[in-house]
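This report refers to the structure that appears directly beneath it.
The values are calculated or read from the model by the stated rules, or taken from the named source; none is laboratory data. All of these numbers come straight from a predicted model, not from anything done at the bench. Note that each Cβ is placed from the backbone with ideal geometry, even for glycine, and that neighbours are counted across all protein chains shown. Surface areas here come from the heavy atoms of the whole protein model, side chains and all, with no ligands, DNA or RNA. Shrake-Rupley method; radii C 1.70, N 1.55, O 1.52, S 1.80 Å.
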Amino acid sequence: MVAIIDYDAGNIKSVEKAVIALGEEAIVTRDHNVILGADHVILPGVGAFGDAMEKLHKYELVEVIKRIIDRGTPFLGICLGLQLLFESSEESEGVSGLGILPGKILRIPEHKDIKIPHIGWNSLSYPSEGRLFRGLQEGSYVYFVHSYYLYAEEPEIVKAVTEYCVSIHASVEKDNIFACQFHPEKSSEVGMKILRNFLDVTN
């Protein structure tokens, strides 16, 4: 069973539909026992960093997420779910993230030739082998919607990057933790392959 954490963030239903389309049981929930009993856990979401952390604290999900990760359950953060795994974000000064991985979320810099937010398809390159990208070619396209991007402090955890005015750490992997800045559930066949690869990870 796949638990999709519900903390009043947007874009949760599309993740649920994608998991079901892959033939897996998906439960959208904030019930601690259901989440802790899941085979895989996904933290999706779009919205503001500070608001999201407030909701995670409100529903007492911060410690639940840390327990899931400590016990080795495969865990996937998507978009805002990636950003929340890190220490802080320029979007919400003074708000601490989950701090599970070292790094900061920065605003995409202004540039005359690009639009913010970054909305659309960008290609990925793979600086090192990541389990999410098995069977996918270098240069595969995925769908992004974001104004802030990850700069991870540990280069070895960065498994995919894209260029959008700056080099964006588009996906990370460390032990049982996986995260994508892009939306695999909106990224056609490539995205479904990424989700399938995640769901095939065993504890």
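Some values worked out for this structure:
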quantity	calculated
Cα centroid of segment 45-83 to Cα centroid of segment 86-129, whole Å	16 Å
Angstrom value of the Kirkwood radius, inverse mean 1/r, which spans all Cα pairs in the chain	16.6 Å
Cα-Cα over 24 Å, subset of 17/174; 115/174; 17/58; 159/193; 112/174	17/174; 115/174; 17/58; 112/174
Range in the chain, longest, excluding exposed trypsin sites (Lys or Arg not before Pro) [loop by DSSP; at most 16 other beta-carbon atoms within 10 Å]	1-70
Rounded to 5, the percent of DSSP beta bridges in the chain classed as antiparallel	60 percent
Computed helical MRE - 222 nm, the chain, DSSP H runs ≥ 4 contributing -39500 (n - 2.57), nearest 500	-7000 deg cm²/dmol
GNM result for the chain, Cα springs below 10 Å: residue of 42, 78, 108 fluctuating most strongly	108
For residue 200, solvent-accessible area (1.4 Å; no DNA, RNA or ligand), Å²	90 Å²
FRET efficiency estimate (nearest 0.05) - Cβ-Cβ, residue 203 to residue 25, R0 22 angstrom	0.85
Most fluctuating residue given options 22, 132, 61, as computed from a GNM of the chain linking Cα atoms under 10 Å	22
